[in-house]
Amino acid sequence: MLRKSLPVLASLAAATLLSLAACGDSESSGGTAAASGNTIKVGVLHSLSGTMAISEVTVKNSELMAIDEINAAGGVLGKKLQPVVEDGASDWPTFAEKAQKLIRKDKVATVFGGWTSASRKAMLPVFERNKALLWYPVQYEGLESSPYIYYTGATTNQQIVPALDYLKEKGKKKIFLVGSDYVFPRTANKEIKAYAKANGMTILGEEYTPLGATEYSTLVNKVMQAKPDAVFNTLNGDSNVAFFKQLKSAGATASSLPVMSVSIAEEEVKGIGVDNVAGQLVAWNYYMTTPGKTNETFVKAFRAKYGADKVTSDPMEAGYNAVKLWAAAVQKAGTTEVEAVKKAAGGISLDLPEGKVTIDGANHHMYKTARIGVIQPDGTIKEVWDSGKPIAPDPYLKSYPWAAGLS
Amino acid sequence: MEALLSQLPIGLSIAAVLMLVALGLTFTFGQMGVINMAHGEFMMAGAYTAYVLQDWTGREAVLAALPVAFAVAGAMGLVLERAAVRRFYGRPLDTLLLTWGVSLVLQQLARDIFGAPNVQVRAPGWLDGGVRMFGSQLPYTRLFIIVLAAVSALAIWAYQNRTRQGRRMRSVMQNRQLAACSGIDTGRVDQLTFFIGSGLAGVAGVALTLIGPIGPNLGTYYIVDAFLVVVAGGLGRLRGAVIAALALGLLDSYAEFWTDASLAKVIGFAAIVVFLQARPQGLFVLRSRALT
Amino acid sequence: MTSPSPPASAAAPASEAPALLEIRGLEVVFGGFRALTGVDLTVRQGELRFLIGPNGAGKTTLIDVITGLTRPASGSVGFAGTSLLGRREHRIVRLGIGRTFQTSVVFEELTVAENIDLAACFRRPLPALLRQRRGTSEAVATALERTGLAGFADRPAGVLSHGQRQWLEIGMLIAQRPRLLLLDEPVAGMSRTERDRTGELLVEIAKDHTVIVVEHDMEFLRRYASQVTVLHEGSVLMEGDVAAVQADARVQEVYLGRPREEKTP
Amino acid sequence: MTARMRGPALFTAVALLVLVVAPAVLDPFRLGLLAKYLCFAIAALGIGLAWGQGGMLTLGQGVFFGLGGYSMAMYLKLHDAGPGNLPDFMVWSGVERLPLLWKPFTSPVFAIAAAVVVPAAAAALLGLLVFRQRVRGAYFAILSQALAAAFTIWLVGQQGLTGGTNGLTHFYDVFGRDPETDGAKRIFYFVVAVVLGALYLLARQLMKSRFGRLLVAVRDGEDRVRFLGYNPATVKTVAFAVSAAMAGIAGALYVPVVGIISPSLLGVVPSIELVVAVAIGGRFSLAGAALGGVLLNWAHTTFSEQYPSGWVYLQGLMFILVIMVAPGGVAGAARWAAEAIGRRRTGRGPSSVPEPAGPTHGQKEVAAP
């Protein structure tokens, strides 16, 4: 029985190898260096399938839009950008593998990609080892600064710290922490606890639920019994839907129990149901309603390209920014060569939808304006507070005395 | 002590959800030996039915969707049974793998039709609020689910024990050949069983719109738990499933209350393995004259 | 343990031999149904015992209890001085009790020789089983020869006819050299020639084994049986030789009076 | 060529193809991918043993893959951190002292041994618990699936101990080599290929032994085996443990090849995907199972590069088709074709029993009476 299937094995192994080889050939012949010819290849690596696709596809779209805009304006260094889109499939090892493919086979000049911290952590060694560039567009937990990654989303001191400042200002002293069980919430909560200790706030509870959890009644009961002034919510994705629905049906309202969320943007509000989150707080650097000519153009262009009912959100904007910032750095360096681009990038400042964004040459993060918003009954988010000027990125919270000993 | 009591209604709420998602499975798995991995996607279909109906019915979508979702999911089940499953009776492992393929396709189909992001079904106004019980609030949405679960279980019980069709179904379950010999059209009974089992998934899906996300992944969030209930319940007996759902729901609520949500899941699994050590008899029947 | 009184068959020819199987006061309850209601049975070393009775008399249940498949509500089952109750099936086999089933189960994908070989090796420790099988052992050759299946040794058991499967099962039993063989309706569904062949096999096996046969076929019974135990409604109706049993009025009433009803599927 | 010679000859041919031709024609990136597929082939081989030969449909094989992978990754992390230092993720998770569980993994020998022994022991424990109580068939499948779900949730929850969702990644030095270099990729590839070949031969040998025959017997008639005086629970437990050890080895090899191990590789879906691979390759043939592991993952990479959402349809449909049309998978279909050709050529039937649509045994467990 075993012996008889060996012929199959032989023939199929041969076929697999041949096709693998064929792929290799076609790509290596076509895979010219990124900047040769009339185009520059850039990688776009997001989850187009799996659980993260919901969020990441929108970022991919805004990045492609930025590339189109640059091409329409004549490209970079006189060459058109040619995006190579890959699917990370919501799976971290796949991100690492596809990053390798983009760098080694497609020889892209840079890669825009990632959403979850886990995907970034998985890609990090690939970029560092191959000395290639990654532009990562989502707010994250900080405590990282890779020489080959540019972080265009907020780091802790541009999102979580301002959110805490806001809560403190409003007299919310007793906080309950709710998060999904992964790196971002755990690290963020560690920082929040340190902040609370130094600022006279009490943490009444800290609860984590598995990613994708949909049963929140026990957790909601714990929250209700603790009677906090506010909840700091770092839940991810679909769990937010279940949490807010169940919180609301347990009798909590935005006025009786405000919830500050750092992972809910315009896109997610629709899925949770405006009824369930109207009036709740969020912290970001950008909202679709952020005033300014640049944003108006951005929103208009996005809706023209992808549909009039589409919304724009902070990570989408950060992805869009990433492309624009990289292009500016290349233009300044006069080449797509990685080290030259890195050297040129520091200090580049552009007027982008969220306002002025400047690259910090030392830690590769951005100067960004922090904004607290309230979710409106129509699903948009209205800004109620902002930091006034862009905050210098401080991924290790070195300038905050209370954060000593965190990293 | 107060905590102990306040978790009670919550345990019941969790149990009701578990019961609702597992009831349909008990029907198809326990009684036909078919492991339907696409059960979760039938729930998803039920939830999307409510979403679609909402355009006409507004906030009353949930109530209006119950019968429609039953029919929609039931019809999907019927198609699955006719097209594929009926060839695999008595081969549960094959049906498991087959229906897993079906579930993949259905999920992607939902993604292509309704889009990947979650959609929202507005709960009816009369489900706002709740009653206070033992120091915690039992929301009306949960009460609705508890009632729905109880009504579904009772309806199944009545159907099986009080109607001609139901008795036929039970006779086919007990001895397929004998039932066929006594003139029962076993093919029709199978279809009906599958229709009802899948339809119940649709009903569960509608109820889930009240408490959780409504998206292409809806089924995947509940399917493993649903199967655990059926396994712990033993042979898909209605009573077993009801008891198992209650036990698991209460265990989950208390375990989570004293530890955390992640650990509660692990404890639930461990409890089932331990339970199987004590009561494996409920799970299989050994026939001596002709061994398997 | 309740009734120590010896059964009626104490005066049987093999009575001088020591008792191999001793069953006392055996009761089995399924749900509310009492399948066995106080059965006493003694089988002596070297005996060939036939167990008959109408449908539902509890014959197969009795065998199930002996082999550990069914747990009794009360009573005792002693085998060569050790109690069998509470032991797991494979442990009972290792004590030297082998059985066949009404619907024979052989491993269709394995060859006939492999089937018997597996049966013959049951006492080997696991590591010994990991070594590759070379040649045919003597026990396997003997069993093949006795059952007349030598010609099929290397064919998959799946190709065997119904009768041949029963013989293969018996062959597998012989290869295990059990002290007690339990055959559950070995000739059910067999053709006349197959029955004859099985009967000869039975007689030959009975020479050096203790055998209990559950059987319905009266002709088969008449030809090959000597000692017979009749079960009725869960208890022993009578015991004795074939002639005595056939002559007994009670037996005729409960059993022989309606001889063609007892075919079980 | 006689039938006796054909097996070894073909094995040699495949070995040549994998060890000589593939490294010659493939560039390092593709070779690295092939190495990854071969890792999955090792895990699939284990499933072929447990499911195809032993009838135990294990939907939780990712757990054992993970145990092996984490064992290896823990060593690599400690090695990179250097003596006395904590791995990077512990630093940002706020762990101050090396957890006790990690201490022995400073030794590479211990880590490699653990990658094999820990999965096997875990499987043996679970096997003893459930098989002894005669939990089987669909019940076993569902339990093993729940195990995968519970295990990943636990892994993710213990961030300080396991790296949480991120898993363990970022290895600089794998047994003296930088894993990102072409040379290292080549070496890893050869190691994986040789291990796969060796394990395949081992599995074959196992199936030819009495134990292998016994395993098939347990699959086809567990209760009957009990009345032959064997304890089927022991037989199944041993086979399950061997299959888990293979998954563990696959996981341990996967880590240097791909450079990461994370819970997303061990959960319910990846575990089912491994089973899908085996079903497509041919569950009744060890070679088919291994082949399935390579084929499915190759198809996954290739198709998802072009049509990310189409891949889901393709995978689902492929699976439905295989189960409905060719339960024997590719290997079964090919065997059937080969026999059909053989029949035409010789003009008479083959010596063994013909099994046209692939055998359907191993499915006799009845979930409901």
For segment A:336-353, in residue order, the Karplus 3J(HN,Hα) values (coefficients 6.51, -1.76, 1.60; θ = phi - 60°; whole Hz; Gly and Pro = x) are 9, 4, 4, 5, 5, 4, 4, 5, 6, 5, x, x, 5, 10, 10, 8, 10, x
For chain A (alpha-carbon point model, no solvent) the Debye-based log₁₀ I(q)/I(0) at q = 0.06, 0.12, 0.13 Å⁻¹ works out to -0.26, -0.93, -1.07
Taking every eigenvalue of the Cα gyration tensor of segment A:195-246, multiplying by 5 and rooting it, what semi-axes result, largest first, whole Å? 22, 13, 9
Could you give the nm distance between label points at B:ARG170 and B:ASP128, where each point is 7 Å from its Cα heading toward the beta carbon? 4.6 nm
What spacing in nm lies between the two simple spin-label points modelled at C:SER74 and B:ARG86, each 7 Å away from Cα in the Cβ direction? 5.3 nm
Check A:LYS368: other-chain or 5+ apart residues with amide H under 5 Å from its amide H, H built from backbone geometry? A:ILE391
Listed with the fewest Cβ neighbours within 10 Å leading, A:TRP284, B:TRP100 appear as B:TRP100, A:TRP284
For segment D:14-264, what is Rg from Cα atoms divided by 2.2 N^0.38 Å, rounded to two decimals? 1.06
Taking A:MET52, B:MET43, D:MET74 and counting other beta carbon atoms within 10 angstrom, the fewest-first order is A:MET52, D:MET74, B:MET43
Computed lengthening from D:ARG97 to D:ALA15, 0.36 nm per intervening residue step minus Cα-Cα distance: 24.9 nm
FRET efficiency for B:CYS181 and D:ILE341, Cβ-Cβ distance as r, R0 = 45 Å, nearest 0.05? 0.55
Give the range of the longest stretch in chain C that excludes all trypsin sites (Lys or Arg not before Pro) found in loop regions by DSSP and having at most 13 other beta-carbon atoms within 10 Å. C:135-262
Taking chain A as a Gaussian network, where each spring joins two C-alpha atoms under 10 Å apart, which residue of A:THR51, A:THR297, A:THR152 fluctuates the most? A:THR297
Using just the Cα positions, wrap chain C in a convex hull and report its mean projected area in square nanometres, one decimal place. 14.6 nm²
Using only atoms on other chains, find how many Cβ atoms lie within 10 Å of each Cβ of peptide D:128-135 and report the average. 4
Whole-number D in µm²/s for chain B (Stokes-Einstein; Kirkwood sum over Cα pairs; 20 °C, 1.002 mPa s): 109 µm²/s
Karplus ³J(HN,Hα) for segment D:89-95 (6.51 cos²θ - 1.76 cosθ + 1.60, θ = phi - 60°; Hz, whole; x = Gly/Pro) runs 5, 5, 4, 7, 8, x, 8
Long-range amide H contacts for C:LEU36: which residues qualify at under 5 Å (H placed 1.01 Å from N, peptide plane, sequence gap of 5 or more or a different chain)? C:VAL28
Report the semi-axes of the equivalent ellipsoid for the protein assembly as shown in whole Å, largest first, where each axis is √(5λ) for an eigenvalue λ of the Cα gyration tensor. 63, 36, 26
Nonlocal amide H pairs with C:VAL213, under 5 Å, H built at 1.01 Å: C:ARG49, C:PHE50, C:LEU51, C:LEU183
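Among D:TRP102, D:TRP311, D:TRP51, rank each residue by its count of other Cβ atoms within 10 Å, from fewest to most, as a rough exposure measure.
D:TRP102, D:TRP311, D:TRP51
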Set of lysines near A:LYS131 by C-alpha distance (under 17 Å), chain-local residues within fewer than 8 positions excluded: A:LYS41, A:LYS98, A:LYS101, A:LYS105, A:LYS107, A:LYS121, A:LYS342, A:LYS343
Chain D, Gaussian network, Cα under 10 Å: of D:VAL278, D:VAL20, D:VAL225, the residue fluctuating most is D:VAL20
Choose one answer from D:SER264, D:SER209, D:SER285: the residue with the largest mean-square fluctuation in a GNM of chain D with alpha-carbon springs under 10 Å. D:SER209
Any chance you could list P(r) for segment D:113-229, counting all Cα-Cα pairs in 5 angstrom bins from zero, rounded to whole %? 2, 8, 9, 14, 16, 16, 14, 9, 7, 3, 1, 0
Can you give me the relative contact order of chain C as a percent, contacts being Cα pairs under 8 Å and 6 or more apart? 26 percent
I'd like the Karplus ³J(HN,Hα) series for segment C:209-225: coefficients 6.51, -1.76, 1.60, θ = phi - 60°, whole numbers in Hz, and an x wherever there's a Gly or Pro. 9, 8, 10, 10, 10, 8, 8, 10, 5, 5, 5, 4, 4, 4, 6, 10, 8
Using the beta-carbon distance between C:ARG131 and A:THR294 and R0 = 60 Å, what value does 1/(1 + (r/R0)^6) give for FRET efficiency, to the nearest 0.05? 0.15
Please list, in order, the residues from segment A:215-235 whose amide nitrogen is less than 17 Å from a point placed 7 Å along the Cα→Cβ vector of A:LYS174. A:220-232
Only helices counted: for chain A, with every DSSP H run of 4 or more residues adding -39500 (n - 2.57) and the sum spread over all residues, [θ] at 222 nm is -13500 deg cm²/dmol
Potential lengthening between C:SER226 and C:VAL159 on full extension [0.36 nm per residue; Cα-Cα distance subtracted]: 20.7 nm
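Readers should treat all values here as calculations from the given coordinates under stated rules, not as data from a laboratory. Treat the numbers as computed from the prediction; the structure is a model and nothing was measured. Cβ: placed from backbone, ideal geometry, glycine included. Neighbour counts: every protein chain shown.
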